[in-house]
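The values are calculated or read from the model by the stated rules, or taken from the named source; none is laboratory data. Everything numeric in this text was worked out from a predicted model, so none of it was measured. Don't worry about glycine lacking a Cβ; one is built from the backbone with ideal geometry, like all the others, and counts go over all protein chains shown.
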Amino acid sequence: MAHALTARGLIPSLIVTGQHPGLDLADHGLDPYPAVDLACAGEEDPHAHAAKVVTALEPILTDRPDLLIVQGDTSSALAGARAAAAAGVPLAHVEAGLRTRDRSLPWPEEEYRTEIDAKADLLFTPTDLSALNLACERVRGRVHVTGNTGIDALHAVIAHLPSRAVHDRALPRLLVTCHRRESWGEGIRSVASAVSELGTSVSAWIDVIVPPNRFVAGTLRELLNSCPNVSLLDPCSHRELVCRMREADLILSDSGGMQEEAPALGVPLLVLREKTERPEGIATGNMRLVGTCKETIVAETRRLLADPAAYAAMSQPALPYGDGKAAPRIAAIIGEWLENRAKNSPLALDQTGFASQIQQDAST
């Protein structure tokens, strides 16, 4: 997104929340851009974190930037929307319009993205369905269907990877991630229990990426640390994660990003959630909702690995969330919007009127 804006002469300033200690912008190719670190570490209470970020943003927004851009449905994105509204700064929301229509699934993301969309002046949706959601809500901002920049990022990573290897493995490889807040507690324990049973009863290698969140990591390590055929992996970079996804035969995850990336990679995905704001991947046949029930996870995994036809149907690559060109589309729309806003500003109107008066006086 930053590169696409720069290509149009709109050099952005970045705001880093500080939720990920040790984050190096150079690792993401963002080191050339001016950046401010808010030093707002993540908290157990997302509402409290959002309030802290709003306070940290207030002095920054006193300079009245032309536009504040937020992406997604995190507490930081919500804070950006609230701070922009308070400061009278225009707001753009990338990844707008995603809905489950259930405020508790996912919580708090569903209520966060609804509030962000209600405040936004520009809304960039991944799909026609997400745009329809916004039309039904009668949001005041302008809605544009652009695809999601997450697919742009995926394509950028793949472009620098070697060709995908063709494996003739004796055992399939499963990749598992689980971190959603609504699954903390019993949900995570149920998923871990399902992975443990799969590790002992299904002929497969299982890689489990353990998130840094202590509420999730402790449970996963407790239940899976000595489980046969299960490897517990530390969090990794996006590049490494994409590599692991490409190498997997099946993914089990509750990640929103993976729901977009897995279809594009042609890797079947069993979604460890009861509801999803990304139903397009289900419609293409690339993913299936299985929730966090142990019995359902185990049964669906076994069924898919034992049914070549069903597996093949879920393995056809699809791009329901965009073609990888969302960022330049968004940058073009923002550029045009800023130009029109500048032309219609009170100062521009005053200058235009004054110039017209001079020309009129000169002709008389």
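Some notes on this structure:
- Scanning region 129-159 for residues that are within 16 Å of Lys325 (Cα to Cα), part of a helix (DSSP H, G or I) and under 17 Å from the mean Cα position of the chain (by Cα) yields Thr149, Gly150, Ile151, Asp152, Ala153, Leu154, His155, Ala156, Val157.
- Just one of the numbered conditions (1) farther than 28 Å from Glu336 by Cα; (2) buried (at least 18 other Cβ atoms within 10 Å of the Cβ); (3) within 17 Å of the chain's Cα centre (by Cα) is not true of Ser190: (3).
- Among the candidates Gly72, Gly88, Gly80, the residue that is small (Gly, Ala, Ser) and closer than 20 Å to Arg273 by Cα is uniquely Gly72.
Here is a yes/no grid of residues against (1) in contact with a Cys (Cβ under 8 Å, 6 or more places away or on another chain); (2) without any contact (Cβ under 8 Å) to a residue 12 or more places away in the chain:
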residue: Asp102; (1), (2): no, no
residue: Pro106; (1), (2): no, no
residue: Glu111; (1), (2): no, yes
residue: Ile116; (1), (2): no, no
residue: Thr146; (1), (2): no, no
residue: Ile151; (1), (2): no, no
residue: Leu154; (1), (2): no, no
residue: Leu161; (1), (2): yes, no
residue: Arg164; (1), (2): no, no
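- In the set (1) outside any strand (DSSP E or B); (2) under 30 Å from Asn340 (Cα atoms), the condition left unmet by Leu123 is number (1).
- Contact annotation: residue pairs with Cβ atoms under 7 Å, 6 or more positions apart or on different chains, pairing a residue in region 126-144 that is in the same structural domain as Leu68 (by TED's automatic domain parsing) with a partner that is part of a loop (DSSP other than H, G, I, E, B) and of a type in the set (Phe, Trp, Tyr), are Pro126/Tyr321; Thr127/Tyr321.
- Only a single item in (1) surrounded by fewer than 23 Cβ atoms within 10 Å (Cβ to Cβ); (2) in a helix (DSSP H, G or I) is not met by Met258, and it is number (1).
- In region 59-89, the residue that is surrounded by the fewest Cβ atoms within 10 Å (Cβ to Cβ) out of those that are among the acidic types (Asp, Glu) and at pLDDT 95 or above is Asp66.
- Within region 129-158, restricting attention to residues that are touching a Phe, Trp or Tyr at 6+ places or on another chain (Cβ under 9 Å) and farther than 25 Å from Val242 by Cα, the residue that is surrounded by the most Cβ atoms within 10 Å (Cβ to Cβ) is Val143.
- Top-ranked residue of region 283-322 - restricted to ones that are without any contact (Cβ under 8 Å) to a residue 40 or more places away in the chain and touching a Ser or Thr at 6+ places or on another chain (Cβ under 7 Å), ranked as surrounded by the fewest Cβ atoms within 10 Å (Cβ to Cβ): Leu289
So that you can scan it fast, the table gives a plain yes or no per residue for (1) out of contact with any helix residue (DSSP H, G or I) (no Cβ under 9 Å at 6 or more places or on another chain); (2) part of a strand (DSSP E or B):
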site: Asp207; (1), (2): no, yes
site: Pro228; (1), (2): no, no
site: Leu252; (1), (2): no, yes
site: Val267; (1), (2): no, no
site: Arg288; (1), (2): no, yes
site: Gly291; (1), (2): no, no
site: Thr296; (1), (2): no, no
site: Glu300; (1), (2): yes, no
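- Subset of region 323-340 [touching a residue at least 24 places away in the same chain (Cβ under 8 Å), surrounded by fewer than 19 Cβ atoms within 10 Å (Cβ to Cβ) and either in a helix (DSSP H, G or I) or acidic (Asp, Glu) (or both)]: Asp323, Pro328, Ala332, Ile333, Gly335, Trp337, Leu338
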